[in-house]
Amino acid sequence: MRRPYAVAVPFTRDFDSIRGKLLQLDEGDKTCIDTALLGVNQIVLNEWGCQTPVQIILITDGSSGVGTIGRNRIVQALPLPPSYPAKIHVLPIVSPHDTSLQHAMPLYQKIVDLANNTTSNSNGNMSRGSIYCPDQLTVPGVITAITRLCEQHYQEFWCTLKCGQLETRVQLFPAPQTVSHEGVDSTYTLANQLHVIGFLQQQELGTPMAISKHLVIPQAQAGGNAGSRENYGSKTPTKEGSSSTDGSTTEDDLSDPSKIPNFCVLLHGALKVEGMAAVVLLGAEWWGTLMAWCEASRSRRSCLLLSVLRPGSAAAPWLGALDQLGPADEGTTAAESFPVRSWRSYSSGGSACAWARPHALLADVQKVLRHARKLPDKTQHLFKELNRLRRAAISLGFSELLTAIGNALERECTALPPSAPSECALQLAHAANALRDPRTALDIKHTLTPLGPNYNASISH
């Protein structure tokens, strides 16, 4: 029987809350590594899905929790490999000469090996995890082991982002990995200089398949470069509508990084306002895209996101060969020309369904049910996911999936608590019937829509 696991702090950027919670952790009397990994898998899948690479650090006291005989049972019970790309690092806080560590080392090595199984790491870009044991059981020894872990797997990646005569130093987070192309023995490594070679409307670019995504963070500039601000100070508009010509720069302006001009900030603002994306040359026969990206939980704040495309000039087939793209004014044909674009969206982003493995289909169905349980707040999200699954199922001839989802929505309708709003039951029943409507069940162009705001009046009549 598995013991329950506890989540001390959910995924957050508030490091102070994490530090504060670490001081309040309670010690247990039983080591249950399989239960802990099971909890990690559930948290990652609920928060990030099955395509985001994750690094897991297992900090333990050096005990496996079982003897030599029970080790095989623990290995069989481990929820590994995970259904998402991952690597696990083990950090035993124990003396390297401790006998319990010697017994647990085969188990730790098995955990590291299973986490890097090719089944969950289909792109082959994740390196293998490691075991970091301190040389001696002291605070400096533990710090040295953690430092070695960070230097090998959490190394910062800095490069230069350049567009024409403008350039700036930026950090890519997480650090990009060396990738390989299918059918080609050569590997691709990100260059130290990223060249912006052009711009496209986001609607024209779509969402090409990205092998990894990275935040682009500008380097904090020193405030002593007053000379670089001379051209800005003479053109600063004033309240009277004129421009100040004194060129003076206050000491507060120099100490505030937000008031120092930066090309990365300029590019981010331009892409966000114009709704465009930048095409970036990452290396020989390798491209990526830059765009302003908004977090779901912080929709008002956006950041500059680099999407690393698959190596090769055919990373976005609907655009043609990327190495043959040129300025728009050099085109000889009209904008609306052949071939005529299909009504479908050529994108490998959120609108596509990849059901190569059973867990991917299960994750999509569970997402629909989660939205169904949060009605009426998630009504629009529910029908958006239903339309996405419906199009994919019809394309694959998987009509049984539509029937199964309709039955599941009916069960959710009957399981609603008495205090639930009446709109919840009506929307669930409407969605279930729409999925099985024989007139539109197999019409891929048909779009399911929720009941309108005046459905109560129409039903009463």
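In the set 385, 412, 400, which member is in contact (Cβ under 8 Å) with a residue 40 or more places away in the chain, assigned to a helix (DSSP H, G or I) and not assigned by TED's automatic domain parsing to the domain that holds residue 45? Even if it seems obvious, please write down each step before you answer.
Details: 385 fails: in contact (Cβ under 8 Å) with a residue 40 or more places away in the chain; 400 fails: in contact (Cβ under 8 Å) with a residue 40 or more places away in the chain.
Only one candidate passes the filter, namely 412.
Of the conditions (1) charged (D, E, K, R); (2) loosely packed, with under 14 Cβ neighbours inside 10 Å; (3) at pLDDT below 60, residue 253 fails just one. Which one is it?
Going through (1) charged (D, E, K, R); (2) loosely packed, with under 14 Cβ neighbours inside 10 Å; (3) at pLDDT below 60 one by one, residue 253 breaks only (2).
Take the residues in the range 137-186 that are among the polar types (S, T, N, Q) and surrounded by 14 or more Cβ atoms within 10 Å (Cβ to Cβ); name whichever of them is modelled with the lowest pLDDT. Steps first, please.
So the first thing to find is which residues in the range 137-186 are among the polar types (S, T, N, Q), and the list is 138, 144, 147, 152, 155, 160, 165, 168, 171, 177-178, 180, 186.
If we keep only those that are surrounded by 14 or more Cβ atoms within 10 Å (Cβ to Cβ) too, we end up with 144, 160, 168, 171, 177, 180.
Details: 144: 94, 160: 91, 168: 90, 171: 90, 177: 80, 180: 72.
Only one residue fits best here, namely 180.
Could you list all residues from the range 97-109 that are over 16 Å from residue 59 (Cβ atoms) and either surrounded by fewer than 16 Cβ atoms within 10 Å (Cβ to Cβ) or in contact with a Gly (Cβ under 6 Å, 6 or more places away or on another chain) (or both)?
Step one: list which residues in the range 97-109 are over 16 Å from residue 59 (Cβ atoms), which gives 97, 99, 102-103, 106, 109.
Answer for the range 97-109, where residues must be over 16 Å from residue 59 (Cβ atoms) and either surrounded by fewer than 16 Cβ atoms within 10 Å (Cβ to Cβ) or in contact with a Gly (Cβ under 6 Å, 6 or more places away or on another chain) (or both): 97, 99, 102, 106, 109.
Please go through the range 10-39 and pick out each residue that is free of Cβ contacts under 8 Å to residues at least 24 places away in the same chain, in a helix (DSSP H, G or I) and hydrophobic (A, V, I, L, M, F, W, C). Let's see the steps before the verdict.
To start, the set of residues in the range 10-39 that are free of Cβ contacts under 8 Å to residues at least 24 places away in the same chain comprises 12-29.
With in a helix (DSSP H, G or I) added as a condition, the list becomes 15-22.
15, 18, 22, listed by residue number.
Okay, residues lined up against (1) modelled with pLDDT of 90 or more; (2) of a type in the set (Gly, Ala, Ser); (3) over 22 Å from residue 153 (Cα atoms); (4) over 21 Å from the mean Cα position of the chain (by Cα):
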| position | (1), (2), (3), (4) |
| --- | --- |
| 24 | no, no, yes, yes |
| 34 | no, no, yes, yes |
| 46 | no, no, yes, no |
| 54 | no, no, no, no |
| 59 | yes, no, no, yes |
| 62 | no, yes, no, yes |
| 66 | no, no, yes, yes |
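Name the residue that is modelled with the highest pLDDT, counting only residues in the range 200-212 that are part of a strand (DSSP E or B) and surrounded by 17 or more Cβ atoms within 10 Å (Cβ to Cβ). Spell out how you get there, then give the answer.
First, pick out the residues of the range 200-212 that are part of a strand (DSSP E or B): 200-201, 207, 210-212.
Okay, now just the ones that are also surrounded by 17 or more Cβ atoms within 10 Å (Cβ to Cβ), so 200, 207, 210-212.
On the way: 200: 91, 207: 80, 210: 83, 211: 82, 212: 83.
That would be 200.
Is it the case that residue 429 is at pLDDT 85 or above, within 30 Å of the chain's Cα centre (by Cα) and assigned to a helix (DSSP H, G or I)?
Values: at pLDDT 85 or above: yes; within 30 Å of the chain's Cα centre (by Cα): no; assigned to a helix (DSSP H, G or I): yes.
Taking the combined requirement at face value, the residue does not satisfy it.
Pairs only if they're at least six apart or on different chains, beta carbon under 7 angstrom, first in the range 92-118 and in contact (Cβ under 8 Å) with a residue 60 or more places away in the chain, second of a type in the set (D, E, K, R) and part of a helix (DSSP H, G or I); list them, first residue then second.
What qualifies is 107/71.
The values are calculated or read from the model by the stated rules, or taken from the named source; none is laboratory data. Remember, predicted model here, so these are calculated numbers, not experimental data. Positions of Cβ are backbone-derived with ideal geometry, glycine not excepted, and every protein chain shown enters the neighbour counts.
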